[in-house]
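Asker: Let me begin by handing over the structure; questions about it come next.
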Amino acid sequence: MTPDIIASADRKPRVGIIGTGNMAMALGKALLAAGHFVAFGSRRPEEKKDFYEEVGVESRMYGVQAAIDAGEVVIITLPYASVAGTARKFAGSLRGKVVIDITNPFASQPNDGFSGAQVTATAIGEGARVVAAFKTNFASTITEPEDSSGTPREVHYAGDDEEAKAIVAELIRGIGFEPVDYGTLAQAVVLDHMVPLMIRLDSQLHASSRKSSFRLAGP
């Protein structure tokens, strides 16, 4: 990844998405609508018969390696238990790319105090440029970036590489959300713990609408 991705206002970075679940599809749709090239990576791309009907004919479905190769930004949307192994397997291709880890540990929370995204960065190794983001957003809100009052929803992000964070913040802003910097990858552990709370509050207060979102209000 080079600074040209930030500097070129007329060119949006190509995005590879590892996974084809609800968040992957929602992010893919939003990024395509914002003018990004999007390549999805699946372990079994031949089985995704209805993929183009769901996402759009402008998208591409590849194997995981090809999707990584196609993207300047790579978004990992796999179940958390699969992330570290996948990151190790494709570490050589992921190093140097901006990698967005949206996954949530839930019951698999690392017991050493690390954030899930730190585990991903460790699995990639030296040269990892991991940013934690979209962890505290329901899939159903990704294509609805404004809340009922018309205010952009927040996307919380964290990382150790300032240039990578700037790229991710611009990507977040480009699909209609407000990026909020939560600090370093170590501090991303806060985001890991916010997600179960968000799900519980959404269930208690909004009948599991999956339309809720966090917002830090000023005084």
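Asker: Could you tell me which residue out of His156, Gln187, Ala87 lies farthest along the dipole of the chain toward its positive end? Charges go on the beta carbon: Lys and Arg +1, Asp and Glu -1, centred on the Cα centre.
Answerer: It is Ala87.
Asker: So in region 109-219, what percent of DSSP beta bridges are antiparallel if you round to the nearest 5?
Answerer: 55 percent
Asker: Another question, if that's okay. Count of lysine pairs in region 4-206 with Cα atoms under 18 Å apart, counting only pairs 8 or more residues apart in sequence or on different chains?
Answerer: Close lysine pairs under the 18 Å cut-off: 9.
Asker: Using per-residue counts of other Cβ atoms within 10 Å, averaged over each peptide, order 30-38, 168-176 from highest down.
Answerer: Ranked by mean Cβ neighbours within 10 Å, highest first: 168-176, 30-38.
Asker: Here is a further query. May I ask for the distance between the Cα centers of region 69-89 and region 95-143, given as a whole number of Å?
Answerer: 9 Å
Asker: Does anything in region 152-168 have its amide N under 11 Å from the 7 Å Cα→Cβ label point of Glu178, and if so which residues?
Answerer: 152-155
Asker: Where both partners of a DSSP beta bridge lie in region 4-206, what percent of those bridges are antiparallel, to the nearest 5?
Answerer: Of the beta bridges lying entirely in region 4-206, close to 15 percent run antiparallel.
Asker: Let me check against my output: what whole-number percent is the relative contact order of region 4-206, with C-alpha pairs under 8 Å and at least 6 apart?
Answerer: 18 percent
Asker: Here's a follow-up. To the nearest 20 debye, what is the magnitude of the charge dipole of region 4-206 about its Cα centre, counting +1 on the Cβ of each Lys and Arg and -1 on the Cβ of each Asp and Glu?
Answerer: 560 debye
Read-outs throughout are calculated quantities, based only on the coordinates presented, and are distinct from any laboratory measurement. Source: prediction; values computed, not measured. When we count neighbours, we look across all protein chains shown, and the Cβ atoms used for this are built from the backbone with ideal geometry, even at glycine.
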